[in-house]
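Peer 1: Take this structure first; my questions come after.
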Amino acid sequence: MAANNRRMSGKKGAQVGSGGQRRRGLEGKGPTPPAEARKGHKKNRIAGAKAKQAVRRPAPRGGRGGKGTSEMVVGRNSVVEALREGVPATMLYVQQFIDNDERVREALQLAGERGGIHLMEAPRPELDRMTNGLNHQGLVLQVPPYEYAHPEDLAAAAYDEGRDPLIVALDGVTDPRNLGAVVRSVSAFGGHGVVVPERRAAGMTAGAWKTSAGAAARTPVARAANLTRALESYKKAGLVVVGLAADGEVEVGELEALGGPVVIVVGSEGKGLSRLVGETCDFRVRIPMPGGTESLNAGVAAGVVLYEASRRRV
């Protein structure tokens, strides 16, 4: 028994009550900042390395509709505008020893008020590398990958609400501002979402978010690997596919099908609907333009037809 006591008394480690002594020794030194914020700490270095990797590496695909890739908004005016418009963001990079003006102060204030946006100070050479030499002016905002819905989810959500689906599909629209304008119109007229092709089409970038004026936060955007197949699936689900074309057989105000379950397909301003998409449409409608304008951009054209559809549903 004595031998056991000697072995136990020789063990290393803290004695009972030492925690209280150490705690009292730290009193008066203020709260300890988190490890991620302490320069030189291992967790701070890991956080910095992860942020660099997120810039260089596209986000993994996930969910039924997949994800986009991360994006950088650069420049003081652009960063402030993105934060004002509620563009999603995960990180605000601020240059070390930056000249502090009202835009910098507003960006920091908006990021702090929103919450969930991490602030990271970085030297100018690192910001230059991250932005490929763009004129970032000491502010860089990282936008996370957009989580796209699946085309089937849009119609399903409408049916679950007991409503006829009202969806807009974009064929060959490559300007994110047009996409943002369409999202805004869909939200304004009670639509259930927007479908875009996976390739050769605009995605939900920061520019699209800003143009949507906040509508992107409540109106889903779905991404289809093949737009023609997505439209065929909609037809099987009971939706009428209506394509907009300058030489359409029916005027938009005469199409009664707009009052029911419908997907409106808008082509690019220059080329219109692609051949396969045009052949998939049940109807091709035209917007009468007495002023003689040859075509409208995608955002305006979608708004005109959405208004007519909304009017018929009241």
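The values are calculated or read from the model by the stated rules, or taken from the named source; none is laboratory data. Only a predicted model underlies this, so the values are computations on that prediction, with no experimental measurement involved. Virtual Cβ from ideal backbone geometry, glycine too; neighbours counted across all protein chains shown. Surface areas here come from the heavy atoms of the whole protein model, side chains and all, with no ligands, DNA or RNA. Shrake-Rupley method; radii C 1.70, N 1.55, O 1.52, S 1.80 Å.
Peer 1: Can you name the condition, by its number, that Y148 falls short on among (1) in contact with a helix residue (DSSP H, G or I) (Cβ under 7 Å, 6 or more places away or on another chain); (2) under 30 Å from V304 (Cβ atoms)?
Peer 2: Tallying (1) in contact with a helix residue (DSSP H, G or I) (Cβ under 7 Å, 6 or more places away or on another chain); (2) under 30 Å from V304 (Cβ atoms), Y148 fails exactly one: (1).
Peer 1: Please give the helices (runs of 4 or more DSSP H) falling wholly within region 131-220 in which 3 or more residues are at pLDDT 90 or above and over 13 Å from the mean Cα position of the chain (by Cα).
Peer 2: 151-160, 176-188
The rows are residues; the columns are (1) under 29 Å from the mean Cα position of the chain (by Cα); (2) more than 18 Å from G191 (Cα to Cα).
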| position | (1), (2) |
| --- | --- |
| E251 | no, yes |
| I264 | yes, no |
| V277 | yes, yes |
| P288 | no, yes |
| G303 | yes, no |
| S310 | yes, no |
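Peer 1: In this structure, does L273 turn out to be in contact with a Gly (Cβ under 9 Å, 6 or more places away or on another chain) and more than 30 Å from G86 (Cβ to Cβ)?
Peer 2: For L273, the condition - in contact with a Gly (Cβ under 9 Å, 6 or more places away or on another chain) and more than 30 Å from G86 (Cβ to Cβ) - is met.
Peer 1: Scan region 124-145 and tell me whether some residue there is open to solvent by 50 Å² or more (accessible area, probe 1.4 Å), under 30 Å from T280 (Cα atoms) and not acidic (D, E).
Peer 2: Taking every residue of region 124-145 in turn, none turns out to be open to solvent by 50 Å² or more (accessible area, probe 1.4 Å), under 30 Å from T280 (Cα atoms) and not acidic (D, E).
Peer 1: Filter region 104-130 down to residues that are of a type in the set (G, A, S) and not in a loop (DSSP other than H, G, I, E, B) and give me whichever is farthest from the chain's Cα centre (by Cα).
Peer 2: A122
Peer 1: Name every residue in region 208-229 that is more than 16 Å from L166 (Cβ to Cβ) and buried (at least 20 other Cβ atoms within 10 Å of the Cβ), in order of residue number.
Peer 2: Passing the criteria: A208, W209, K210, T211, S212, A216, R223, A224, L227.
Peer 1: Also: When the residues of region 84-117 are filtered to those that are in contact (Cβ under 8 Å) with a residue 60 or more places away in the chain and touching a strand residue (DSSP E or B) at 6+ places or on another chain (Cβ under 9 Å), which remaining residue is surrounded by the fewest Cβ atoms within 10 Å (Cβ to Cβ)?
Peer 2: P88
Peer 1: Hey, among A246, A237, which residue is open to solvent by 20 Å² or more (accessible area, probe 1.4 Å) and within 18 Å of D164 (Cα to Cα)?
Peer 2: Criteria check complete, one pass: A237.
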